[in-house]
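Below is one structure; the comments refer to it alone.
Bear in mind that the values in this text are calculations on the coordinates, not laboratory data. As the structure is a prediction and not an experimental result, all values here were calculated from the model. Cβ sites come from the backbone with ideal geometry, for glycine too, and all protein chains shown count toward neighbours.
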C-alpha cells in the first residue's frame, strides 16, 4: 500500500515536472529567437531600429511582451506599461508578474522572459505571456494531493476486491483439500465456470483426485479380498479343529495335540491380523475414525492396563503426562502402538528396572515417548528393527511376532508422525512418536469419540 | 433362546448352527441377505448373528432393514473384512457387537450370552450378589462374608462386569472392550494379570473360589 502510494505520487510528479520543462523550453526558444532578431536589428540600424521594430511588433502581438527603458526604468518603447518587479540577474530567464488591461479591467498575469542591457544604459526586456500555463500549473499542484488520495482509495478498493475474489477461490480449494486430507476422498474442488486459471487448477486437481480415489479404492478392494479370502478358510480350519477336540470328548495326548494346533492357528491369525493392520494403516487406505485425542489420557489407560504386569516383573511403570497434549488421531490405533512400545519395554527391561511414558507438547509438535532402563538397541540395528518380521538375535526366543515395531511405525505414519529410536539417559532405549504441529489439536478431547 | 444365523459360507454356517444347537439354542439359518431379512421380520428371535458380506443384501443392509422395521433384537456381526474401519461401520449400522473371523466358538457363544443378558430387563440394580460376595453399586463397596474388600476403581469395574454376567463365560477381549473400552491386541495377556490380582482380593482365604478360569475361553464368576 505504501509502495503503491509512493509510486503514484512519484509518477504524477514526474509527469508534472516533465510537462513543465517541455513548455518552458518552448517559451525560451521563442524568446531566444526574438532576442536574436532584435540583436540583428540593433546591429544594422542601431537603437532607433530596435525601437521601431518593438513598436511594430507590440501592435499585433498579444503573446510577446517587450519593454525598452532607460537606466531609471523610464519606458522608451514596448507593450508593457511599467517596469515589473523582477528578481534575478540580468541575462537569465526569469518569471515575473505584470499588469495588463483586458476588457476594461486590469489583470495581473504571469510572464517569462530575459533582461539584457544595451549600450547607452538602456535595458531591454523580452518576455512571453505564460499565464495560461501558470494557471494550469497552479491547478495541477493544488489538485495533486487529492488526485493521489483518490487514486489510492480506488486502488485500495479495487485491490481488496480482486484479492478477496482470489482468496475466495483459493479458500474453496484449500477447504476441499483439507476435507480430503481428513479422509473424505469423494470431495472435489468446486468449479466457478469462469474458465479462468483457477478453474483450470481446480479441474487438474479434480482429475488428480479421481485418479487417487481409483487407486485407493483398488488398494482397499485388494486388502478386503485378501482379508476375506484368507479369513474364510482360516475360520473353517479353526472350526474343524475345535470340532475335532470336542468330538474326542476326553483329554489325552491326542486332544493336547489338537489344542496345540489351535494355539498355532491362533498365532497365525494374530500375525495375519497384525500384517493386515500394518498394510492398511501404512497405505492410509483405512478410514479409521479420527477425533481429538488426549494422549495423556490414552497413556494413563495403557499404564493402568500394564501396571500389574510390570509389578509382577518388578519393574516400575510410571507416567509423566503433559497437560492437554491433544492430537488428531484414532484412539485404538494409538493405544495399540503405545501398548506395543510398553510391552516391548517391559519385556526387555530386567527386574528392578524402570519404564516411563511421557506425553508432552514441544516446539516442534507433540511427543509421546516410552523410555526403559533395559539394554537398548545397538545403533547399527535400529533402522532394521522397524522392518517387518525382523527380530534381533538376543530376543529370538522370547514370544512375539516381530511385527510390533512395524505396526508402531505404520500407526505413526498414518498420523503423520515419526517413530524415533534413541538412547535413553543414562541407559536403555527411548522410543518416541513425534507428531507434527499439523496433527496437534487445541480443542478439548471428546470422550470416547473414536469408538 | 431362538437365534437367527445369516451366513453364506455354508461350512461356517453348518458349524455355527450345530454348535449353537448343542448349546441348547433353537436356530434358524439363512444363506443370503434377503432370506435373512425376511426371516428376521417374520419370526421372533432373541438374537441374530449376521455375516458382514452376503450375496444379495449385504449384512449392513440387512440390519439397517431390520432397524427400519422397528426390529430391535441384538445383532452380532461376523466379518472377514479388515477391522479398523469396518467395526465402526458395523456398529453404526445398528449392530450391537462385532466379531472378526476367524473366531473361537466360545468367544461367539460368550458374546451371544452377553447380548441376550443385556436384553433381559433387570431394572436398575444397586446391588450385585454372587454367593457371599456383594457389590454395592451406589457406595462402590465390596464385601465378602461381611468383610470389606478394598478395590481400585478399575478392579471395581472389572468385578462389576463379571458379576453382571455371573454364570456366563466372559472372554479377555470382552473385558478389554467393556472394562477398558479399548479394542486392540495387547500382545501379552495383561488381562490375566488383572484377574489374578482381583482373585487374590476376593478369593484368597476363602474356602470356595468364586472367580473361575474357563480353559481356552476366559473367566466366569459363580457360586459353586
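Annotations
- For chain A, calculated [θ]222 nm from helices alone, where every DSSP H run of n ≥ 4 adds -39500 (n - 2.57): -19500 deg cm²/dmol
- Peptide B:186-196 has a mean shielding of 6, counted as Cβ atoms of other protein chains within 10 Å of each residue's Cβ.
- Share of Cα-Cα pairs in the protein assembly as shown lying beyond 44 Å, as whole percent: 48
- Beta bridges assigned by DSSP with both partners in the protein assembly as shown are antiparallel in approximately 75 percent of cases.
- Partner shielding of A:221-233 amounts to 4, given as the average count of beta-carbon atoms from other chains within 10 Å of each residue beta-carbon.
- Inter-label distance, residue A:323 to residue A:204: 4.8 nm, where each label sits 7 Å from its Cα along the C-beta direction.
- Averaged over the residues of peptide A:308-314, the number of Cβ atoms from other protein chains lying within 10 Å of each residue's Cβ is 4.
- Chain B: antiparallel DSSP beta bridges as a percent of all, rounded to 5: 50
- Ranked by the mean number of other Cβ atoms within 10 Å of their residues, highest first, the peptides A:13-22, B:161-170, A:76-85 fall in the order B:161-170, A:76-85, A:13-22.
- Only beta bridges with both residues in the stretch A:283-380 are counted; by DSSP, about 65 percent of them are antiparallel.
- As a proxy for reagent exposure, ranking A:42, A:348 by other Cβ atoms within 10 Å from fewest up yields A:42, A:348.
- From largest to smallest, the equivalent ellipsoid semi-axes obtained for the stretch A:288-428 from the alpha-carbon gyration tensor read 23, 18, 14 Å.
- Once the chain from residue A:191 to residue A:106 is taken as fully extended at 0.36 nm per residue, the excess over their C-alpha distance is 23.5 nm.
- The stretch A:157-260 has equivalent-ellipsoid semi-axes of 61, 13, 7 Å, by the square roots of 5 times the alpha carbon gyration tensor eigenvalues, sorted largest first.
- Sum of -39500 (n - 2.57) over DSSP H runs of 4+, divided by residues of chain B (222 nm, nearest 500): -12500 deg cm²/dmol
- For the stretch B:79-224, alpha-carbon Rg and Dmax in angstrom: 16.0, 50
- Extension gain, residue A:380 back to residue A:240 (0.36 nm per residue minus Cα-Cα distance, nm): 45.8 nm
- Each peptide in A:139-147, A:360-368, B:32-40, B:88-96 was scored by the mean count of other Cβ atoms within 10 Å over its residues; highest first, the order is B:32-40, B:88-96, A:360-368, A:139-147.
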